[in-house]
């Protein structure tokens, strides 16, 4: 035991020191072996994912008989007289047009040279597209070309019965699409208000009258429109009232004025759509009321007219000139049609049907008909005769007519052009469109781009891409005088996707379950299927297979089929082809590894039917086809994901199957229930779910559903049976020679799953325990601060003033040593106070400075020794100490007056062996030191308050601590085998059954590192020293004989200071990954899901930070006079400061493993402690 006459004990061997490096070599060898093994497994997995698997050849037999695009056949049930009259009408219409050809040749159709015309500035010239909800291709077109449009006008607002409100049908996809554009180049979205009655499919003048004739109705609709503009950030409203009685024109104009008055303060505009034949008076009124006027320059001939051009060039020019005499040119937007009409002589009163450009091209291909170009009208047309002798004439508009009509708009100085409608147009038209106007056509139109629509071959819900889109070609002739395109000849038609379908087998049904396997719901469904002897097909997610390997094998053993449902369930419409391939390959590889089989079945997530109509749906099917998969669509959806109840799920499937068998579309909301599907709907595949949410209702519905289907005469089969294949052909067993590779893949997937499970469990445990600990610590600290414990442990008898020796170990402390000693001499301690300064061989002037200032002071002893470390310096000081109580003080720390009195007071209780004071940061000069000030109060001192109540304080800090001198000598003084000599001494005393008290009013102001580098150096010493102490005293851990020290304090240090902190960098990486995953979700699932995920991530962090901040507030409330504004730094601290703490703990474990000598890491002192903070 060191005393005044005892020599300094020899240095001990530091904990973790491994001079020979044996431990490091063994661990390094083990790590190398694991690294090599994991690399091999990773290579096997990566190669397996990147190299597409060889899938079973299930494509044969999927091609149904029948030529693609064969001519439609009609029953010959009409009278000869009706047919003859209709044919004569068509013939007369066609001949009359031929007779007019010589009236004026196209070379004479020069554009007008109007010197008075005014070309609007570029920022006022608009490119506009009309969007409709009821055509999938409308959104496909918008998505592809939104950046070429200034405005998109959406048919979303419909007058409600009574005329006092609107029914809204807003397609949020449009809003999400435009919101993703840069603010400076965002396409304006205008909602179109119409008096179209969707129930009767006609424009209703009565509805319009009810609106405009009532001031209150007008005000209500205007207010509703303004609310919509504010809510959705719309650029404005387009008014499209048709069949307007002339008497209502003034009132309609008044409504437009009132609407503009309400929208202009919101920064929104009002556009008025008018027909080409509108009279000048109402047109002038609308032009005055609206910001823009959209003139619908098409329907020269409509369906109920005789056959003729939809918008001949002369007619377009004349109407535009007439209207622009009334409308200010910069306000006028000239609309261009993008469709046609198909007239036939099927009956005497046959009405022409509207056709999109894709419809026309399909007819041209199907009937081998040539597109001709009328040299007078400058409109194309198409004729053919059906096998039943029905004649057809189709007049239509394409990119060539658009080019000519855009030339008119530019020459007249119109304020823009608009396309009616998106999705119906010749895709080549987009070579002419751009923001702020249009560009000339010419040779750029020679290539006919592929189309939006899809053609189907065969019937059923099993799909493969048979052919992909191809471009067509046309030859053009431009008139040099006018610049107009005066002739076009299509030499090759564009072709769309062709999808082969099969699987239509009446009274055979395949039940399919998506999104599993799920450890809770899938076993219940399997039990029900087994009880009913019913087969099913499960489309599994790779991630779920990874987590449920045994369950996946159970599905296969039961004889069910398994299909690929991607690895992470992304929306493949939003992912790249590369990601789609990886999703399929990864899932296939894990299925091979788990089942020793391959599968030829695939279903894309969010795939709603068996009629994919857009590229978003077709590209993933094409990739799957290339990889050898057959895609399983469906016509019968149980809607179980909506949780409508078990009975409703059964009814949905039975009803959907009944409608599908009758070839009725129960799934496409764009069609009415009595509209037939395309040829080939069957309803042989029904969709349910065994994962992805609460599937209790699905479990309850499966049994009754099987019974109901069988009662209706249906047989339940596997999908392979619908394809005409055996189960073995659809899921063949893999060859034995590849078994080793599969074992490697299985081991890799298993390891990944185990790691994922372990990390999830670890972090869930850390979060729960962390928050629980914080709450408990805070409550205990409050009890300590205000409870009876404080009175019995904080203050001793008033007459008790034991002799005190203060030991100050010093190394390179010349800058601060004088102030430190002065603060001790100013204590005003009533008893005897000895100050022992031990200079540990400082190379600076520490010893000289101390001697010069206090060498003659009777209460100050200054000792110099060779450098040996802090513990040895303290032990020398103990040898010179004469007091009953030993106080430790770091040379960079100041004691405010009265600190020693308050510090030694608890030692009046003979049970108390040591006292911890309240250390605070005294140099709060920058963000780094302020963060440390926050940590001292919210972590260290809050913990000491709580643990003093439990009698398990583990550290009496060397900066401010008091010990019984006899007890310190009894345990052998400060040991030098750890860098945390103060913690080691505290544990030694506590192990002997002595109590450790906390004197929160005994305040010390210490100088904290003011740089991150200095902070990291100091905290590494602290954390490594703590790790050494925990290992040295590991025999105390969880030992009841040591009471709360072994059962609470030691586990707390191991878990929360060391282990959880060491893995916290992984938690931070996962936090960053959670934000990256939000971006990935946006790419794979769209903005809606991404926003939900982002809200969940932010909500989690908000709760965590709120709990953290609340505890910080409580901690500061327990410290009278503290800077409470520091609590706001808690939000920044978590994202910068704490990462330094994580790093030093990780570094400490690494140092322990390596077994090298770790030095003290001396910090530079600057003497910046501010005593006024006391």
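Any read-out appearing in this document is the output of simple, stated calculations on the displayed coordinates, not a laboratory observation. No experiment lies behind these values; they were computed from the predicted model shown. No Cβ is skipped: glycine too gets one built from the backbone with ideal geometry, and neighbour counts run over all protein chains shown.
Some notes on this structure:
- Net length gained if the chain between residue 214 and residue 726 were fully extended (0.36 nm per residue, minus Cα distance): 177.3 nm
- The antiparallel fraction among DSSP beta bridges confined to segment 772-1154 stands at about 25%.
- Placing R0 at 25 angstrom, the Cβ-Cβ distance between residue 160 and residue 277 gives a FRET efficiency of 0.30 after rounding to 0.05.
- According to the calculation over all Cα-Cα pairs in segment 926-1075, the P(r) per 5 Å bin from zero is 2, 8, 16, 20, 21, 16, 9, 5, 2, 1, 0, 0 %.
- Gained length - residue 786 relative to residue 477, 0.36 nm times residue gap less alpha-carbon distance: 101.6 nm
- Each Cα pair under 8 Å and six or more residues apart adds its separation to the average, and for segment 926-1082 the resulting relative contact order is 25 percent.
- Largest to smallest principal axis extent of the C-alpha atoms in the chain, angstrom: 135, 77, 54
- Each peptide in 1035-1043, 809-817 was scored by the mean count of other Cβ atoms within 10 Å over its residues; highest first, the order is 809-817, 1035-1043.
- Inter-probe distance in nm under a simple model that places probes 7 Å from Cα toward Cβ, at residue 1106 and residue 767: 1.5
- Contact order relative to length of the chain, as percent, for alpha carbon pairs under 8 angstrom and 6 or more apart: 11
- Fewest-first ranking of 840, 707, using other Cβ atoms within 10 Å as the exposure measure: 707, 840
- Net lengthening on full extension, residue 443/residue 169 (0.36 nm per residue, minus Cα-Cα): 94.6 nm
- Simple label model, 7 Å out from Cα along Cβ direction - residue 779 to residue 865, nm: 4.7
- Förster radius 22 Å - calculated FRET efficiency between residue 37 and residue 739, Cβ distance, rounded to 0.05: 0.75
- Between the beta carbons of residue 626 and residue 306, assuming R0 = 60 Å, the FRET efficiency works out to 0.75 to the nearest 0.05.
- Ranked packing of 247-257, 769-779, most packed first, by mean Cβ within 10 Å: 247-257, 769-779
- Taking every DSSP bridge with both residues inside segment 504-731, close to 5 percent are antiparallel.
- Modelled spin labels at residue 853 and residue 576, positioned 7 Å past Cα toward Cβ, are 6.5 nm from each other.
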